[in-house]
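Heads up: the structure comes next, in structure tokens.
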Amino acid sequence: MLIVQKYGGTSVGDLERIQNVARRVRRVRDAGHQVVVVVSAMSGETDSLVAMANALSPLPPEREMDMLLSTGERKTIALLAIALTAMGTPSQAFTGRQVGIETDSAHTRARIERISGERLRKSLAEGYVPVVAGFQGINAQSDVTTLGRGGSDLTAVAVAAAIQADRCDIYTDVDGVYTADPRIVSNARKLDRIAFEEMLELASLGAKVLQTRSVLFAMRHGVPVQVLSSFTDQPGTLVTKEDAEMEQLSVSGVTYDRNQAKVTITDVPDQPGVASRLFKAISDANIMIDMIIQNVGHDGCTDISFTIPRTDVAKLRSHMGTIRLDGSPLTIDVDDRIAKVSAVGVGMRSHSGVATRMFDTLAQNGVNIKMISTSEIKISCVIDERYTELAVRALHDAFELGVVPGGTS
Ligand code: ADP
Ligand code: ASP
Ligand code: MG
């Protein structure tokens with residue numbers, strides 16, 4: 001079999017762990033499989049590079065950020081290839097550029113446009129274990145790009161599609177996808193299988209165990225993905241097409257996202273074209289908007305609130321600073337002490353009452369809801385960040401997702 005294995009930051013967090021990864025890779029190869037490995041930067045490395053840049057500038061140029069951030073993964077590919085070779089398993093390290101990962105030019109969140117699998121196939125044919133730097137590619141000008149935080153997952157899935165691997169195994173620091181973040185909810189339950197669509201919602205609503213775009217890519221290209229622990233040999237979670245064997249609970253997971261900020265623009269003229277101008281400016285700045293609320297108008301004016309990633313607040317202020325709707329600058333209010341909690345489940349399509357139970361549960365716990373958004377398979381509420389853990393645990397209990405004490409599931 002041809003297997004792509006991806007190891008995240010914690011799994012390659014120090015030299016001992018890198019050796020542990022090398023042993024795991026060697027074991028699979030010795031069992032007769034061909035392996036391509038994708039690795040992240042050591043845990044904390046990308047964050048510390050971001051902090052260094054921010055210490056020099058509140059809004060560092062994104063092209064230069066990518067140059068900086070891509071160094072984290074360069075270090076781990078070389079170290080892992082050295083460790084493997086030292087154990088008698090010949091290995092070659094490759095940057096994104098070397099394996100032909102071509103992206104668009106949206107620095108810090110680039111999209112993969114093409115991967116030429118040629119160099120990887122050659123390396124495999126020559127008997128090496130190729131170790132590929134996650135999270136990075138190059139654009140048409142040969143400038144380094146990165147694929148958004150958590151982007152090594154995307155590299156792994158895209159490489160698996162490019163070389164038509166039989167499997168893409170994502171090794172991390174938990175042994176699968178759970179009904180909620182197991183670090184917050186102690187009785188969260190590991191799912192044996194999960195549908196792509198459901199995983200996509202969980203990921204986009206904050207379950208960072210898989211990067212959202214990697215799930216989308218796997219879904220589109222039919223790449224079977226497994227999430228497993230690099231520290232144990234427990235079976236993981238298979239992410240696959242929805243099938244009849246999957247449990248049909250109304251809610252299958254609860255997530256939280258603390259990376260959002262609520263922005264309110266006050267006293268904008270209540271006229272046609274205003275929302276379009278505001279949101280065009282935001283999308284031109286490549287900022288992803290999530291929830292939007294327009295309040296009831298007063299004296300010909302209205303307030304518009306929306307949520308954006310917290311990391312984009314400085315960029316938003318700089319882009320909106322030049323907009324004049326009625327001659328004066330916009331009044332922009334930012335609340336970044338918020339969190340978004342969500343209940344997700346494809347079963348919601350056929351179960352009613354999920355929203356009511358969610359609102360009741362938050363109310364019973366004294367948690368005020370600031371914004372709400374719903375879709376066919378999810379309900380999200382923006383709340384005060386202080387109550388994140390309380391809300392996630394209460395919702396997980398209310399939807400009866402936990403492991404039953406003494407039970408089998
Ligand atoms: P890696 O560095 O391996 O890419 P991440 O930190 O990106 O790992 O993702 C793994 C983390 O995701 C876990 O440590 C866990 O705290 C978190 N997580 C959040 N929600 C979930 C969930 N529903 N199931 C499993 N893990 C989750
Ligand atoms: N090192 C990058 C990050 O921390 C990519 C990844 O780990 O997947 O976001
Ligand atoms: Mg990750």
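The values are calculated or read from the model by the stated rules, or taken from the named source; none is laboratory data. Predicted model, so just to flag it, every value in this text is computed and none were measured. Don't worry about glycine lacking a Cβ; one is built from the backbone with ideal geometry, like all the others, and counts go over all protein chains shown. Surface areas here come from the heavy atoms of the whole protein model, side chains and all, with no ligands, DNA or RNA. Shrake-Rupley method; radii C 1.70, N 1.55, O 1.52, S 1.80 Å.
What the table shows:
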{"quantity": "DSSP-loop trypsin sites (Lys or Arg not before Pro) across region 217-307, with at most 15 other Cβ within 10 angstrom", "calculated": "Lys241, Arg258"}
{"quantity": "In order through region 178-187: 3J(HN,Hα) via Karplus (6.51 cos²θ - 1.76 cosθ + 1.60), integer Hz, x for Gly, Pro", "calculated": "10, 5, 7, 4, x, 6, 10, 10, 5, 9"}
{"quantity": "Structure-based [θ]222 nm, the chain - -39500 (n - 2.57) summed over DSSP H runs of at least 4, per residue, nearest 500", "calculated": "-10000 deg cm²/dmol"}
{"quantity": "In region 65-145, the chymotrypsin sites (Phe, Trp or Tyr not before Pro) that fall in loop regions by DSSP, at most 10 other Cβ within 10 Å", "calculated": "none"}
{"quantity": "Cα centroid of region 82-145 to Cα centroid of region 1-58, whole Å", "calculated": "14 Å"}
{"quantity": "HN-Hα J in Hz across region 311-326 - Karplus 6.51, -1.76, 1.60, θ = phi - 60°, x for Gly and Pro", "calculated": "5, 9, 4, 5, 5, 4, 4, 5, 6, 7, x, 8, 7, 10, 8, 9"}
{"quantity": "Percent carbon-and-sulfur accessible area, region 86-153, ignoring ligands, DNA and RNA, probe 1.4 Å", "calculated": "45 percent"}
{"quantity": "Relative contact order, percent, the chain [alpha-carbon distance under 8 Å, six or more residues apart]", "calculated": "14 percent"}
{"quantity": "Inter-label distance, nm, simple model (7 Å from Cα along the C-beta direction), Arg63/Ala125", "calculated": "3.7 nm"}
{"quantity": "Flagged links, alpha-carbon separation over 32 Å, of Lys75/Lys378; Lys190/Lys315; Lys280/Lys370; Lys75/Lys241; Lys75/Lys315; Lys190/Lys280", "calculated": "Lys75/Lys378; Lys190/Lys315; Lys75/Lys241; Lys190/Lys280"}
{"quantity": "Rounded accessible area per residue of region 201-336, 1.4 Å, Å²", "calculated": "50 Å²"}
{"quantity": "Shape of region 1-59, Cα gyration tensor, a/c cut at 1.5", "calculated": "prolate"}
{"quantity": "Solvent-accessible area per residue, Å², over region 4-136 with all protein chains present [probe radius 1.4 Å]", "calculated": "45 Å²"}
{"quantity": "16 Å cut-off, amide nitrogen to a point 7 angstrom out along Leu390 Cα→Cβ, residues in region 333-363", "calculated": "338-341, 359-363"}
{"quantity": "Apportionment of accessible area to carbon and sulfur, region 162-210, percent (1.4 Å)", "calculated": "39 percent"}
{"quantity": "Relative packing of 13-19, 163-169, which averages over residues the other C-beta atoms within 10 Å, highest first", "calculated": "163-169, 13-19"}
{"quantity": "Gained length - Gln164 relative to Glu118, 0.36 nm times residue gap less alpha-carbon distance", "calculated": "15.4 nm"}
{"quantity": "Carbon/sulfur fraction of accessible area - region 224-306, other protein chains in place, 1.4 Å, %", "calculated": "51 percent"}
